[in-house]
Amino acid sequence: MNAIADEVTKEKPKTIYLKDYQTPAYEFEHVNLSFQLNEEHTTVSSSIDVRVQRKKETLFLHGDKSMQLDAVLVNGTQVADERLTRTNAGLFVSGLPEEDFTLKIVTTIKPQENTALEGLYKSSGNYCTQCEAEGFRRITFYQDRPDVMSKFTTRMEAAKDKYPVLLSNGNLIDSGDADGGRHFAVWEDPWRKPSYLFALVAGNLAKIEDSFTTMSGKKVDLRIYTEPHNIDKADHAMVSLIKSMKWDEDTFGLEYDLELFNIVAVDDFNMGAMENKSLNVFNSRLVFATPKTATDADYAAIEGVVGHEYFHNWTGNRVTCRDWFQLSLKEGLTVYRDQEFSSDMNSRGVKRIGDVSKLRAAQFPQDSGPMAHPIRPEEYIKMDNFYTVTVYEKGAEVVRMYESLLGKDGFRKGMDLYFERHDGCAVTTEDFFSAMADANNTDLSAFKPWYQQAGTPIVDVKTSYDASTKTFTLKATQTVPATPGQDASQKKAVLMPIRVGLLDKSTGKDIEIASVNGVAQEKGTTTAVLRFDQKEQTFTFENVEQDVVPSILRNFSAPIKMTTDLEEGDLLFLMANDSDPFNRWEAGQTLFRSLLVKLIADETNGKALEMNTKITDALRKTIEGAKAADADKAFIARAMMVPSESELVEMLEPGTVDPDVVKAARKFVMKSLAADLRPLLEETAKANSAPAYKNEPADRAMRSLKNTCLGYLSYVDAPEVAKDALERYQNADNMTDKIATLSALSDKVCAERETAFDAFYQEWQHDPLVMCKWLSLQAASGVPNNLGNVKALLTHPAFDIKNPNKVYSLIGGFMSNPTTFHQKDGQGYEFLADVILQLNDINQQVAARMAGGFTRWRKYDPSRQALMKKQLERIIATENLSENVYEIVKKSLD
Ligand code: 0A1
Ligand code: ZN
């Protein structure tokens, strides 16, 4: 089809707006795809049954400029050239029949040259696909938008020896041999789906198999495919899948809807995993686990992500998004579901603490920077840039707030109504909101701004007790800061649940809450859920016999930044007594944060730093608690953690941050605590060193406590500390302990560090995932002149710039290392810009993620700001910059 005008011109990046949404004029009923997979090229034929919804409209098919368009036929007849217009973004087809018709398209693509890892590509010699969000348009011309839902039949043909396994969505309906040593398979998916859920895999793969019998008695075959040499590492993923299937039935009454569920692990993948209908494709880092190669954190991440992708079958696939602005409809809800799943499988309190820490370290900074956007954004240039912690993690917090406001039963009613109304449809966050409100017959209109407003609300609470009226009062105010395109005056007050408990000052126990603002609480209530929806609001607790210490925002019931008038003594009291594990932890964190902010100011002003010994004493008590027979050791390990440098940076004023000062203040605290508590830390580490590895909750808790103690002890300046760490490294029988001992050594300049890192390399150089750990530990190291080490690792055989996991480990690790990245002379910034520009020609999604390292440049001191800005300007002035990188850099500079 050389005659087709190929008007591939230079077009400016175009912004897509939610307000421009229009329903499609043409619906695609059924799609028949056929793939001829060859080494030189792949031919894709697509035959579509089209239903005309609005006559005479031009049909726009998305299609990437990398594809060769070979043929376009309507009802079997070639379409004349003058009715076809090709642009950078796709193909316009005009003069279409007014009655339903068939459209046939033939394209030629080169998966073997696809380094963007979107569409059809090769990983370790096998074919696989990634179509979310807009990868299908690199396979064929199509209405690549989530509200176009079709039934897919997929035939593929490939060389039998190289690609013995041929997979796609749905059920295998035919297979056999073809000419020239080739074979074929035909898959049919009975469920309508958007193109982003399409998947195809062809390769030399081994599998493990199991099965699950659903609540209505149907047997589902479960298979996990990997490259043959990794097949012994997939058992934990299989166990996690079975647990997920059972949990979704027990918790939401949701049953799987096919007789086969496949997972395929691939080494080259931009994200974590993908929920393609019945054929999930996973980054191998989220499948492979053995005690020798994966840490306890890896095991937990695998369980959570296997659950996440499985849960998408209902929240994402059966009910999908109308357009990409609605992404949080499926992602916020599915993250909420996977967090609940992990909480039920493990310790709920510890899980909540981890999730909130992540929100604070990653989402809060995004929400106060140039990329701040509502969980339902209103515009984007490149959708890939909106798979963000805001859409995912803040989106999950918004879903959790429905649960807090409506109660568990009310939330379940809302979910049931959502599925009853929208099964098989592509819908909006507004539809989810209405299902929640309608099912509970309640007015939630004040909740809507959560979808429209960016920025983390700031809540201040003042408390008082009046002995004469026996009332305890909370006065709360809320504001939402200005964010790009939304000034502060436009922001509305938003409904949020504030969970509050009141602790008896003499016993430390929760008192029963009788009534709030004249509304009687259910008998036995010890945590009240306040509906806070005004700019200023007063909540009065009645019949409070004596003064109490309030525990406010239990379980972190809203994603806000809260300040209160609680004093140090109250926080120490809560740290020791609160029945809510999250707030018991939070009280300690609040103490640490205020101490650190003061120390940062002191260090800036050249004052001597002084430790607050009350905090040391409180921490001593917390650690001593580990001796109790029923101690929650995983919680104690969490409670010992000092807020991260990135969390502290977020608390400081824009234009002031000197990362060296932040590091010095935090290091001072760690050193003081380590010195003062050394015998206790050593004793606790010893008492929690198990003779042999076991993967049981109690053993995992012990490991985390022991390794947290060792982390502290690494701050003690004494030669025996490094010696001990090396010895522990050499004796470790599992990856969790290996990594903990390596990181205890990684900031030290000593022979033990070199010995341990070399030994690790020698032992694991054959395993790319383990090598990622080796790279990220070095990238994160605080040793002097570490930038030189990171640069040298770029050319090390363990690194590969085409593999996203390797880039995230080395470059991602370097970006979050304040000493190396923010080096005063700006060389760290220049290095990151160099890497971004190199990645821009290889993998635009990964390049854009790395550009995220510069977005917070306005936070830093004037000289660092100037150096970072210079690099942003250099990047944006570069020719052939991808839309992905352009959007991040442009928004950063605006
Ligand atoms: N939907 C997947 C995540 C995902 C998103 C985009 C991708 O490529 C651009 C890949 C995966 C999930 O939430 O698990
Ligand atoms: Zn997801």
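Annotations
- Magnitude of the charge dipole, the chain, Cβ model with Lys/Arg +1 and Asp/Glu -1, debye to 20: 1180 debye
- Computed from point charges on the beta carbon alone (+1 for Lys and Arg, -1 for Asp and Glu), the dipole magnitude for region 1-204 about its Cα centre is near 460 Debye.
- Cut-off 12 Å between beta-carbons: net charge of the residues surrounding residue 482, Lys and Arg +1, Asp and Glu -1: -1
- Cβ crowding within 10 Å averaged over residues, with 406-417, 739-750 ranked highest first: 739-750, 406-417
- With contacts taken as Cα pairs under 8 Å and at least 6 residues apart, region 161-288 reaches a relative contact order of 23 percent.
- Region 693-745-region 283-355 distance, computed between alpha-carbon centres (Å): 28 Å
- Where only C-alpha atoms are counted, convex hull volume of region 566-717 per residue in Å³: 129 Å³
- Extreme residue, positive dipole direction of the chain, given options 45, 680, 826 (C-beta unit charges): 826
- Interatomic Cα distance distribution for the chain, bins of 10 angstrom, percent: 2, 11, 20, 25, 21, 13, 5, 2, 0, 0
- Relative contact order of the chain, pairs being alpha-carbon contacts under 8 Å that are 6 or more residues apart, as %: 8 percent
- Rg in Å to one decimal, and Dmax rounded to a whole Å, for region 263-304 via C-alpha atoms: 10.5, 32
- Estimated distance in nm for a label pair at residue 159 and residue 616, the labels positioned 7 Å out from Cα along Cα-to-Cβ: 6.9 nm
- For residue 208, the shell of other residues with beta-carbons less than 14 Å away shows a net charge of -3, using +1 for Lys and Arg and -1 for Asp and Glu.
- P(r) tail fraction, region 207-274 - alpha-carbon pairs more than 13 Å apart, %: 66 percent
- The residue list 439, 317, 176 was ranked by how far each Cα lies along the charge dipole of the chain toward its positive end, using unit charges on Cβ atoms, and 439 comes out on top.
- Between the alpha-carbon centres of region 798-872 and region 662-687 there is a gap of 32 Å.
- When the P(r) is computed for region 496-583, the part past 18 Å accounts for 43% of the Cα-Cα pairs.
- Volume of the Cα convex hull of region 615-669, divided per residue and given in Å³: 82 Å³
- Of the residues 117, 198, 185, the one whose Cα sits farthest toward the positive end of the charge dipole of region 1-204, with +1 on the Cβ of Lys and Arg and -1 on the Cβ of Asp and Glu, is 117.
- You can think of it this way: the chain between residue 87 and residue 579 has 171.0 nm of extra reach, that is 0.36 nm per residue less the Cα-Cα gap.
- Spin-label model, residue 213/residue 420: points 7 Å from Cα along the beta carbon direction are separated by 3.1 nm.
- Mean ellipticity per residue at 222 nm, deg cm²/dmol - from DSSP H runs of n ≥ 4 across the chain, formula -39500 (n - 2.57): -11500 deg cm²/dmol
- Distance between modelled label sites at residue 525 and residue 506, nm, 7 Å Cα→Cβ extension: 2.6 nm
- Computed over region 566-717, relative contact order equals 23 percent, with contacts defined as Cα pairs under 8 Å that lie 6+ residues apart.
- Relative compactness, region 102-156, computed as alpha-carbon Rg over 2.2 N^0.38 Å: 1.19
- Rg and Dmax of region 479-630, Cα atoms only, in Å: 18.4, 56
- Spin-label zone in region 178-194 - amide nitrogen under 19 Å from a point set 7 Å from the Cα of residue 23 along the C-beta vector: 192-194
- Radius 15 Å from Cβ of residue 47, net charge of other residues (Lys, Arg +1; Asp, Glu -1): -1
- Estimated vicinal HN-Hα couplings, Hz - region 627-641 in sequence order (Karplus 6.51, -1.76, 1.60; Gly, Pro = x): 6, 5, 4, 9, 4, 8, 5, 5, 5, 4, 4, 5, 5, 7, 6
- Residue 894-residue 38 FRET efficiency (beta carbon distance; Förster radius 56 Å; 0.05 resolution): 0.75
- Peptides 362-374, 108-120 ranked from most to least packed by the mean count of surrounding Cβ atoms within 10 Å: 362-374, 108-120.
- Hydrodynamic estimate: the Kirkwood radius of region 127-191 over Cα pairs, inserted into Stokes-Einstein at 25 °C and 0.890 mPa s, corresponds to D of 185 µm²/s.
- If you sort the three axes of the alpha carbon gyration tensor as a ≥ b ≥ c, you get a/c of 1.5 or more for region 320-452 and a/b no higher than b/c, which makes it oblate.
- For peptides 241-248, 392-399, sequence by mean Cβ density within 10 Å, most packed first: 392-399, 241-248
- Fully extended contour minus Cα-Cα distance, from residue 546 to residue 488, at 0.36 nm per residue: 16.9 nm
- Rounded to the nearest 20 debye, the dipole size of region 320-452 about its Cα centre is 420 debye, using +1 on the Cβ of Lys and Arg and -1 on the Cβ of Asp and Glu.
- Computed with the Debye formula from one identical point scatterer per Cα of region 641-687, without solvent, the log10 of I(q)/I(0) at q = 0.33 Å⁻¹ comes to -1.16.
- Radius of gyration and Dmax over the Cα atoms of region 764-894, both given in Å: 14.3, 45
Readers should treat all values here as calculations from the given coordinates under stated rules, not as data from a laboratory. Model, not experiment: these values are computed from the prediction. So basically every Cβ, Gly included, is an ideal-geometry build from the backbone, and we count neighbours across all protein chains shown.
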